[in-house]
Amino acid sequence: MAASPSPPSRWPPPPLLQPMGLISLLLLLGFLAAPVPLRAAGVLRQVVVGGDGNDGGTFFEPFNVTYDHRAVILGGQRRMLVSAGLHYPRATPEMWPSLIKKCKEGGADVIETYIFWNGHEPAKGQYYFQGRFDIVKFAKLVAAEGLFLFLRIGPYACAEWNFGGFPVWLRDIPEIEFRTDNEPYKAEMQTFVTKIVNIMKEEKLYSWQGGPIILQQIENEYGNIQSHYGQAGKRYMLWAAEMALALDTGVPWVMCRQTDAPEQILDTCNAFYCDGFKPNSYNKPTIWTEDWDGWYADWGESLPHRPAQDSAFAIARFYQRGGSLQNYYMYFGGTNFERTAGGPRQITSYDYDAPIDEYGILRQPKWGHLKDLHAAIKLCEPALTAVDGSPQYVKLGPNQEAHVYSSGKVHANGSISGNGQICSAFLANIDEHKYVSVWIFGKSYSLPPWSVSILPDCENVAFNTARVGTQTSIFTVESGSPSYSSMPRSLSLIGGPYLSSTWWTSKEPIGKWGQGSFAAQGILEHLNVTKDISDYLSYTTSVNISDEDVAFWNSKGVLPSVTIDQIRDVARVFVNGKLAGSKVGHWVSLSQPVQFVQGPNELTLLSEIVGIQNYGAFLEKDGAGFRGQVKLTGLSNGDIDLTNSLWTYQIGLKGEFSRIYSPENQGYAKWSSMQSDDTQTPFTWFKTIFDAPEGNDPVAIGLGSMGKGQAWVNGHLIGRYWSIVAPESGCPSSCNYAGAYSDSKCRSNCGMATQSWYHIPREWLQASANLLVLFEETGGDPSQISLEVHYTKTICSKISETYYPPLSSWSRAANGRASMNTVAPELQLQCDEGHVISKITFASYGTPSGGCQNFAVGNCHASTTLDLVTEACVGKNKCSISVTNDVFGDPCRKVVKDLAVEAECSPTLASKELRDDM
């Protein structure tokens with residue numbers, strides 16, 4: 001496939017080279033049921049659907065966006081909105097349509113994204129809006145799906161993105177200070193924000209032009225650091241607001257975490273929970289700009305997870321207590337391709353434990369459970385928007401409460417059936433341990449711990465945040481070697497097959513190699529020298545060692561040491577081209593014993609950054625590399641201060657400069673065939689040629705056998721890799737959803753490499769003759785690298801006959817009143833797109849025990865279950881089975897029955913062949 005263009009490189013170019021039956025019908029009732037007739041985001045006003053995101057013209061009938069104290073108002077109607085965070089550069093343009101569609105299928109009305117300044121203006125005044133940074137195409141694809149767009153222009157993003165989205169050239173402007181009342185900074189910020197707004201206007205992407213943009217953000221979490229700048233910070237915040245408003249975009253602006261935002265700007269909440277948040281003015285709606293449904297990971301850490309039940313609880317509580325717009329951060333996290341990962345030391349994956357995983361696959365049960373939550377909230381929307389003031393509050397117990405939204409007064413102790421009112425209720429149990437029965441509306445309701453029940457009609461429960469009724473999916477990678485579980489989320493190599501048995505190597509010179517090197521007195525700051533065109537900067541000087549020093553060390557049985565007061569993120573010490581040792585840390589000291597010879601010695605200090613700091617005050621002053629004194633200690637006549645010596649500086653790697661990772665530049669390196677008994681040394685380039693896996697499933701490459709470095713496929717930098725291992729402790733054997741969440745609560749992958757598997761987008765591959773190039777810093781074994789496809793292989797679910805009817809059984813009357821048709825609960829299964837259910841590995845209706853991958857038949861079991869489920873599901877991408885005695889018979893009277901099913905998914909062709917053999 002044709003690859004997306006990449007932004008222009010800041011490296012100088014290298015020199016040129018020369019040349020069914022009744023039972024089946026009952027089983028499928030849920031599958032054939034009509035969808036919930038709820039108002040989709042933009043469908044009612046959508047007039048033009050763009051096919052590929054490049055179409056001009058309007059996508060909606062133009063509509064105004066305003067707000068009041070209750071909600072954002074679209075085209076004159078208050079709306080309860082669900083937003084899905086999806087950052088366009090963290091996926092490829094070819095992935096965007098599917099991702100946006102999955103956001104919509106999951107119940108989102110809005111797509112949210114940051115704008116990434118350093119991606120769009122890599123050099124001052126030179127703009128880039130192609131490939132993964134084609135924000136216009138992305139916005140039009142959002143509109144084509146009938147979704148709205150929340151554009152967080154900033155232009156500071158944070159986002160665990162390199163330098164928080166700031167271009168590195170910004171720090172070189174004289175007298176500049178970021179994010180304060182500083183004229184050079186404000187001038188550059190205003191120029192870029194104006195550029196983005198003008199592009200959006202020219203492309204007719206604002207709502208009043210028929211486009212999808214309904215909200216924008218100026219600045220980002222500035223309230224967290226504003227106090228560091230004193231009154232200048234306050235003046236800057238007010239200036240930013242006035243500047244944004246003067247751009248006359250016609251849609252509201254927000255400032256998240258800005259409690260002193262001016263009246264014309266919406267202040268919003270970012271947190272794990274925002275149900276207690278209130279804006280700083282009664283005239284503003286309650287908006288949650290960042291619902292942290294997961295967390296990011298740093299190299300050397302375990303992996304965080306947030307249970308679906310707790311995410312659902314937090315969101316339900318938000319709408320229960322007056323919230324109107326909630327945005328998932330993230331709904332799809334994606335990948336930090338190239339060197340875009342933030343710092344210090346954030347990993348290449350930005351999976352974020354999001355409802356859609358890094359590869360674009362639905363993470364179940366999180367995606368499905370939250371989809372059901374969104375459907376339940378949409379059923380309540382007429383009641384939620386009809387209440388102009390506060391909802392009716394009912395105390396149900398010491399830790400239990402109800403909020404009732406109704407078009408009229410409701411008597412909480414009596415039934416509301418037949419009164420004709422629009423009425424929806426949220427019943428909350430915030431006790432972390434106890435099930436509680438509460439009495440309201442003339443009925444008793446059982447509430448699990450730490451949960452919210454949603455009653456769209458103030459009578460029947462449509463959804464409870466702690467009761468998961470959607471399938472669990474177990475990811476796998478094929479062929480065969482690794483296993484991949486969604487919890488804990490880890491991939492582990494258990495032996496072949498491997499990517500390639502034929503590898504070539506090329507040595508990277510240590511220290512000075514030519515282009516761009518220069519000499520200077522003293523230790524220069526890393527970013528001032530590299531301008532972030534590379535992670536690497538080497539400092540080389542000469543050290544003369546006398547006979548007396550050698551004799552002194554021999555007599556004492558000691559070695560001298562190189563000491564540096566502070567380093568970040570990685571420092572490596574080479575003596576005469578050989579690695580003496582390394583240090584990893586954030587502004588930590590280094591003391592490295594070294595082995596010198598008598599006479600002149602070449603000492604090279606290599607500074608490596610792993611992402612520039614992306615959060616905090618005074619980012620422009622943080623810097624990287626070395627700080628303080630550099631000394632040589634343990635000499636016969638005392639220490640030598642090398643700080644102000646003459647150092648030769650070399651920016652980057654020779655292989656980077658020559659771009660030997662590109663297919664067309666292979667002649668710029670001396671490649672040698674690697675033998676099986678070769679000893680791998682640091683600072684080595686590896687390459688091989690490989691074929692792409694068959695099919696269309698996402699591709700993962702396992703680099704757990706390597707050390708630290710970077711990997712390119714067909715010239716595309718897929719990111720940094722690093723097989724640094726997480727601590728052994730800190731990962732519980734199980735994770736209880738109940739109780740306040742923090743990013744340290746539910747972790748996995750302890751004692752394993754933080755990241756071993758890396759995403760290679762399909763569109764970066766061709767069927768055969770793909771070039772993989774690795775730069776390896778510490779030494780690794782490329783012969784152990786695996787290339788696999790990533791997909792959902794095992795799906796399973798367990799549903800009780802007492803579970804709620806499917807959300808599709810609900811409807812809304814013309815007046816907005818919700819009602820439910822009494823139908824049986826359903827067990828629903830679905831494979832990834834392009835896959836079908838190939839085998840039912842377990843099925844029991846009765847009293848099955850255990851959970852996914854561990855089901856067992858109980859004392860009560862309908863013997864026909866497996867045959868019936870097989871008939872209904874095998875060969876299909878999805879199926880739905882009614883959980884009722886009418887389907888399976890009654891294997892044990894007066895006993896509450898469950899239906900438990902486990903199935904395998906396979907690519908469509910393989911499944912067809914399997915079905916043909918049956």
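The values are calculated or read from the model by the stated rules, or taken from the named source; none is laboratory data. Here the structure is a predicted model, which is why all the values come from computation and not from measurement. Here Cβ is always computed from backbone atoms with ideal geometry, including for glycine, and neighbour counts include all displayed protein chains. Side chains are part of the model used for accessible areas, which takes the heavy atoms of the whole protein and leaves out ligands, DNA and RNA. Shrake-Rupley method; radii C 1.70, N 1.55, O 1.52, S 1.80 Å.
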Charge dipole of the chain about the Cα centre (unit charges at C-beta), most positive-ward option of 74, 300, 364
74
What is the range 391-465's relative contact order, in percent, from Cα pairs under 8 angstrom and six or more apart in sequence?
27 percent
For the range 166-240, with +1 on Lys and Arg beta carbons and -1 on Asp and Glu, the positive-most of 233, 217, 182 along the dipole:
217
How much accessible surface area, in Å² rounded to 10, belongs to the heavy atoms of residue 134 with a 1.4 Å probe?
40 Å²
Quick one: how many Å² of residue 840 are accessible to a 1.4 Å probe, rounded to 10?
20 Å²
Find the cysteines in the chain that fail to meet the 4.7 Å Cβ criterion with every other cysteine, and list them.
103, 158, 256, 380
Rounded, prolate or oblate for the range 295-417? Axes are the square roots of the Cα gyration tensor eigenvalues, ordered a ≥ b ≥ c, and the cut-off for rounded is a/c under 1.5.
prolate
Listed residue pairs exceeding 26 Å between alpha carbons, taken from 140/234; 101/186; 531/708:
140/234; 101/186
Suppose every K and R has +1 on its Cβ and every D and E has -1 on its Cβ; what is the size of the dipole of the range 504-646 about the Cα centre, in Debye to the nearest 20?
200 debye
Taking the Cβ of residue 226 as the center, what net charge do the other residues with Cβ under 13 Å away carry, scoring Lys and Arg +1 and Asp and Glu -1?
-1
Within the chain, helix-based [θ] at 222 nm, where runs of 4 or more DSSP H residues each add -39,500 (n - 2.57), nearest 500
-4500 deg cm²/dmol
Restricting to the chain, compute how many DSSP beta bridges are antiparallel as a %, nearest 5.
85 percent
If you average over every viewing direction, what projected area does the convex hull of the Cα atoms of the chain give, in nm²?
42.2 nm²
Would you work out which of 711, 882, 322 lies farthest towards the positive end of the dipole of the chain, given +1 charges on the beta-carbon of Lys and Arg and -1 on that of Asp and Glu, about the Cα centre?
322
Where does the charge balance sit around residue 762 when Lys and Arg score +1, Asp and Glu -1, over other residues with C-beta under 12 Å from its C-beta?
-4
Given +1 on the Cβ of Lys and Arg, -1 on the Cβ of Asp and Glu, and no further charges, what dipole in debye does the chain carry about its Cα centre, rounded to the nearest 20?
1500 debye
Given a 1.4 angstrom probe, I'd like the percentage of the accessible area of the chain that is carbon and sulfur, rounded to a whole number.
50 percent
What whole-number value in Å² describes the accessible area per residue of the chain for a 1.4 Å probe?
36 Å²
Residue 737 accessible area, 1.4 Å probe, all protein chains in place, Å² to nearest 10
40 Å²
So what's the net charge close to residue 859: Lys and Arg +1, Asp and Glu -1, counting the other residues with Cβ under 15 Å from its Cβ?
+1
Rounded to 5, percent antiparallel among DSSP beta bridges of the range 74-150
25 percent
